[in-house]
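Accompanying notes for the structure given below.
The values are calculated or read from the model by the stated rules, or taken from the named source; none is laboratory data. As the structure is a computational prediction, the values presented were derived from the model and not from experiment. No Cβ is skipped: glycine too gets one built from the backbone with ideal geometry, and neighbour counts run over all protein chains shown. SASA here: full protein model, heavy atoms, side chains in, ligands and nucleic acids out. Shrake-Rupley method; radii C 1.70, N 1.55, O 1.52, S 1.80 Å.
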Amino acid sequence: MTGFLVQQLVNALTIGAIYALIALGYTMVYGVLRLINFAHSEMFMVGGHVAFFLLAATASLAGGALGVLVVFAIFVVTFIAVGLLGVGIEATAYRPLRRSSRLAPMLSALGVAIILQNVVMLFVSRRPLPFPAFVPAVSFDVFGAIVTLNQIFIVVFAVALMLGLAWFVNATTLGIRIRAVSENMQTARLLGINVNRPISLIFFIGPGLGAIAGILYSGYYGIVVFSMGFIVGLKAFIAAILGGIGSIPGAMLGGFALGLLETFGAGLLPKLTHGFIGSEYRDIFAFSVLVVVLIFRPAGFLGETVTEEGMVYKRDF
Amino acid sequence: MILDFEAVTKRFGALLAVDALSLSFRPGIITSVIGPNGAGKSTLINMCAGSYKVTSGRILLDGVELQGLKKHQIARQGVARTYQNIRLFDGMTVLQNLEVCLFPELFGKTLVEVLVPGASRAMKEKRIARCMAVLEHFGLEGHAGEFAADLSYGNQKLLEIARATILRPRVLMLDEPAAGLNHGETDRLKQTLRALARPDLIMIVVEHDMSLVMSLSDHIFVLHQGRLLFEGSPAAVQSNLAVQEAYLGSPGEIDDLREAARNRSNRVRIRAHTDIERRRPDAA
Amino acid sequence: MTSETGATTPFLPAAKSRAGRLRAVAIVAIALALLLYGVPGLPTYYVRVIDMVLIYVLLGVGLNMVVGYAGLLDLGYVAFYAIGAYTYAILASGQFDIHLPFSLLLVVGGGLAGLAGVLLGIPVLRLRGDYLAIVTLGFGEIVRLFMNNLGWMTNGPQGISRIDEPHLFGMGLNSPRDFFFLLLPFVVAALTIAWRLECSILGLGWAAIREDQDAARGIGIDTTVAKLLAFGLSATFGGVAGVIFAALQRFVDPVSFSFWESLTIVLIIVIGGLGNLVGIVVGAAVLIVVPELLREYSEYRMLLYGCALVLIILLRPRGLIERRYNPAWLMRTLGWR
């Protein structure tokens, strides 16, 4: 039994770390623009594909210390590439709509997501591509569970990135500007902050982290395909809501929480119901979490509860 | 008919905005609520209208408890209000802004309106006629087809008041109606408000513009730090030394400031007591 | 007519004078007559396409109530379409050997979908608009997953085939031509109802909710009831469309009810201009006919949809068809200066 539980725990943390990385992108954008960036899930997918080709191109350098350096270089390059893509999308498809209704930017984001997905499907590959494992296939026995180096790597790397981001938004001027713009864009403007820069930065970091998540995910499951962004992205967004949309620590917390809920929930359901409800209902699990959270505690774990005074003078509702 | 606040308290976390306040508002007269910023005036209106939940105490309109009701239920009890920062429906026309206020009364007939042939047009025309009459009363009929967002500020304020009164409310609460208005517009406002007074209407005005308050009101409540400091007629309030010194400053000081401001710009309004407060920190 | 903020006002009755009204009615009557006379003579393939256009008009009108009128972005509308379709499929086929009549199932399917809309709405409508989009998207997916996995009821991925031929007034509807004569009055009725709703006090209430929900409450509008009505009514339209679709196809499977369908319907009302009924008809026509014409490029259809969506939103956030009638014109016609 212990082995089973530890196994589930490790699985949960691994997928949770990935959700958390993606959720950060959603939460930062929503915090600033009140926009659900549907295209973000595709950043995750594009990141996986970019890395795929970079890895293929540098396959000859695999192995050893050089190989490790190459892999990290690929991470950096992918981060930057997808980050720039994110900035470009913001500038072309979202910025012109900043003064429009709430609906318009969301529909635009939807359109961008469709474009990205279909471009990859039509011009890269319709079929799943085999993603090379860039982490050596080493595994450890922990209390009867099998923990792979890959899983450890994912969790450690993701946490390191999250800590880096937390440091950035708390300790650097640029990061603090981002938080200021998140809190109240009008006031930030009045204080002389050029809001476009923090916003562009958010659209650089968010998608970048999503791309990293894509690489980790593809490396873990061994394939990359044009459709992988949709469901994973949706779940990551649910994680962001769970943790409190708009809150960066919330996104991290929510990611891991959703990973745990989903893994243990879907893992235990067949046992509890003797196979009546199978694991294909894993996806429904995540949606159910969403519905429950939104009904009972829409602010999530760490999100801002909209106060009464806010409602009278803001028109957010 | 009376609007009663019984030991009403409102806390925002650690901040006590209204402290066991007990007031009664009577119909047929214009009652003003004044006091420095933070005294709890707007909070009073917000609690009565249902925007804020009362921490403790009761609000009764003719014996009916308002404090637990939802916002739209309170509105249907005949409680209308205007907002400090105008909240019109920007994307709708002036006429539509008024028309939509008829919703509580006409919603029940929607089924008829939609399904019965000919009813749609007839009912619409009736509504429009009714609203145009009200607009004429406020001098806004020429702007009926314009979007509410395109009106001048003064006209927007008038429209807010028109909307609040179209269903003949029992309680009309105006939150700083003169804010941002120039001299002429304030006069027009004063006349409009005076004309609204009815024997069966409880009219409450929260304001900072002292000359407007003094010339308009029949009765004044002076609030300070969530409590009632003084109440009485305008003359009584003005001559009460405590109130005068602490919150109004001497008449001479106010006139000096007004003169200076008028020389600078026509539209600047002195918030008398706020300035005085800043110059006399010990009076807080 | 658009204001600075890009908002437009609801379509107001354009012709107020007697002559104007008669003229409008005449135009519509002539158009209908042309359709009734001309369409049945066309080859069956074309009639079938027109049938699908009409079904999508129904869907567009339905979704428009929630998105265009009340301003709530519903990304899972296909769920109601599916509920209607599967209701007919399950209760009028060999699946359980139940064979209820078409006319009854129109009501049942629409009713069930409407009920689902209200039930979905109750927990979900107090959410901020953006959350609503995600939750409705999730709901749409959940319904599809259930259709896919509840094999004993829905026959899973294989779908339900050999659905009964529908009978109305004793006649069997078995050709696209028959369905055209069924759909046309339905669509006309739907457009009329939607139009009247928009002009009614409820429509104004929805517009107010769209603008500023809190202020709407302040003037006495019970926003919960109004939004639930929008949801329920819109879902009912979807359900009815679903029943007709199942009767037309005589086959349903989960694939027809994916998120892409919801997206297509959203696109229809976006192209037409959110809230604009004429635009919905145009949008449905474009979105059904164009892919048929460009059959060889069907691969690129989704890509084009995405590009169209982005471009339209960027260029004209209120849709391609601008409203031609403005309120000031109306005022003058009524005699007020």
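Miscellaneous remarks
- Counting only protein heavy atoms and using a 1.4 Å probe, the accessible area of C:SER256 comes to about 30 Å².
- Calculated FRET value between A:ASN196 and B:GLU259, using beta carbons and R₀ = 56 Å, to 0.05: 0.80
- Per-pair calculated FRET efficiency, R0 = 30 Å: C:TRP152 and A:PHE143 via Cβ, rounded to 0.05: 0.15
- With all protein chains modelled, accessible area of B:ARG76 [1.4 Å, Å²]: 110 Å²
- Relative contact order, whole percent, for segment A:1-158 stands at 37, derived from Cα pairs under 8 Å and 6 or more residues apart.
- For the peptide B:113-120, the mean number of other protein chain Cβ atoms found within 10 angstrom of a residue's Cβ is 4.
- Whole-percent carbon and sulfur share, accessible surface of segment B:105-239, 1.4 Å: 56 percent
- Placing B:LYS190, B:LYS70, A:LYS235 in order of accessible area, with the largest value first and a 1.4 Å probe, yields B:LYS70, B:LYS190, A:LYS235.
- Fraction of accessible area attributable to carbon and sulfur, chain C (%, probe 1.4 Å): 67 percent
- Accessible surface of B:GLU6 - all protein chains present, 1.4 Å probe, nearest 10 Å²: 70 Å²
- Protein-only accessible surface at a 1.4 angstrom probe places the residues C:TYR86, C:TYR297, A:TYR220 in the order C:TYR297, A:TYR220, C:TYR86, largest first.
- A simple spin-label model places the labels of B:SER233 and B:ALA195 2.7 nm from each other, with each point 7 Å out along Cα-to-Cβ.
- Rounded tilt (10° steps) of A:248-273 against the dominant C-alpha axis of chain A: 50 degrees
- Candidate residues A:ARG189, A:ARG34: accessible-area rank, largest first, probe 1.4 Å: A:ARG189, A:ARG34
- Relative contact order (%) - criterion: Cα under 8 Å, at least six apart; region: chain C: 33 percent
- Inter-centroid distance (Cα atoms) of segment A:10-81 relative to segment A:87-137, Å: 14 Å
- For the protein assembly as shown, the solvent-accessible area of protein heavy atoms averages 41 Å² per residue (probe radius 1.4 Å; ligands and nucleic acids excluded).
- With contacts taken as Cα pairs under 8 Å and at least 6 residues apart, chain B reaches a relative contact order of 25 percent.
- Ellipticity estimate at 222 nm from DSSP helix runs (n ≥ 4, -39,500 (n - 2.57)) divided over chain C, nearest 500: -22500 deg cm²/dmol
- The label point for B:LYS109 and the one for B:SER56, both projected 7 Å from the Cα toward the Cβ, are 4.8 nm apart.
- C:GLU165/A:ILE223 FRET efficiency (R0 45 Å; Cβ-Cβ; nearest 0.05): 0.50
- Kirkwood analysis of the Cα pair distances in segment A:1-156 returns a hydrodynamic radius of 17.9 Å.
- Alpha carbon centroid spacing (whole Å) that separates segment A:148-184 from segment C:93-127: 47 Å
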